1. Which value in nm describes the separation of the simple spin-label points at Arg262 and Val197, placed 7 Å from the Cα toward the beta carbon?
2. Where is the GNM fluctuation largest for the chain (alpha-carbon springs, 10 angstrom cutoff): Lys12, Lys231, Lys292?
3. Using the crude model of +1 on Lys and Arg Cβ and -1 on Asp and Glu Cβ, and no other charge, please compute the dipole size for segment 8-307 relative to its Cα centre, in debye to 20.
4. Starting from the Cα of Asp33, move 7 Å in the Cα-to-Cβ direction to define the label point; list residues of segment 39-79 whose amide nitrogen is under 17 Å from there.
5. Going 7 Å from the Cα of Asp213 in the Cα-to-Cβ direction, what parts of segment 49-81 have a backbone nitrogen less than 20 Å from that spot?
6. Which value at 222 nm does the chain reach when only helices count, each DSSP H run of 4 or more adding -39,500 (n - 2.57), with the total divided by all residues and rounded to the nearest 500 deg cm²/dmol?
7. Taking each pair of distinct Cα atoms in segment 73-218 once, what is the resulting Kirkwood hydrodynamic radius in Å?
8. I'm a student and want to see the number: the projected area of the Cα convex hull of segment 231-307, averaged over all directions, in nm².
Amino acid sequence: MLATRLSPNLKKLSANCPFIARQFVPSELETADEENVFDDPLMEEEHTVTRGLVYKYGNRALVLLTMNCAAYCRFCTRRRKVSDIEKGIITDKDLENIRKYLLKNKQIKELIFSGGDPLTVPPLLKKAIKKLAALPQIKIIRVGTRLHLSNPAAVNKGVIDALKQVKNKPLYLMVHFEHPAELTKPVIAAIKRLQSVSTMLFSQSVSLKGVNDDEETLYKLFTSLIEIGVKPYYHYRCDPVKGAEHFIMDFDKEIEMMTNLRKRLSGLAMPLYIIDSPNGSGKVPVPLNFWKFDRSNFKDFNGKKLELL
């Protein structure tokens, strides 16, 4: 079972809010032996071209700086490797190998720093940005984090200085939010600090049974985010990752919920509802109830037919 690590801030929030506790506190439900779930549903191991670099799409690549987080989300798609402290941080040699790979593949224009949480290792992030983001071929930098919630006080000068190493190109920060109760004063203050150095903040969220599986919760979340200058970007169907099966919602309910939200929300506040194709390729938009469609299967970006899990 994925290791438990809670900051004082998260311990307090979890004690007072069951919707936050469900995201971070281990459950016996994680040991259920379900079918049609995977250790690596997004096939990242298969697409790892050198340690720390996942290359799956033509013009962009994923850099996994660390497998450590300030806290571990129980629905994490990288449960198989997150919290691997000894093996989970890339080295100077790894960074050099990544640089060499990028130089040989000039079609890669965008780097996405993730993990784990890259903001938990600011010296390494700073070094990686200097080494990789400075390459002339790289035009866009993305950084994914949930440190603003897990430990907002850790979004400090060291983190901001690391992010400032992105020079003369856009820096987009991808911040995870799942429930409006997460938007506390310390969290919003951390978001404001991140906004001071980023081109734009986008949020990503996941449909989670027992957390945000109702229309009003997501309505409040998305409207609250856009009101503080964070654009709701993606809302994912939960990945069929082993250990997180109990979070997966009924598909018909998800579609109905997102259809109703599309009627109520402005375009700015409405994220794109997608499935990150398990054992396939691409983040595929899910049609809403404005259309008739076959809900039992879909095709990924390469035309591969996938059954809904």
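1. Label-label distance for Arg262 and Val197, simple model: 3.8 nm.
2. Highest fluctuation of the listed residues: Lys292.
3. The dipole magnitude comes to about 1860 debye.
4. Within reach of a label on Asp33, which here means backbone N under 17 Å from a point 7 Å along Cα→Cβ, segment 39-79 contributes 39.
5. In segment 49-81, the label zone of Asp213 (backbone N under 20 Å from the point 7 Å along Cα→Cβ) covers 73-77.
6. Values: 9 runs with 85 residues, N = 309.
Taken over the chain, the calculation gives -8000 deg cm²/dmol.
7. After inverting the mean inverse Cα-Cα distance, the result is 16.4 Å.
8. Values: hull surface 22.6 nm².
Result: 5.6 nm².
Coordinate-derived values only; no laboratory data. In this text, all values refer to a predicted model and were calculated from it rather than measured experimentally. Cβ coordinates were reconstructed from backbone atoms using ideal geometry, including for glycine residues, and neighbour counts include every protein chain displayed.
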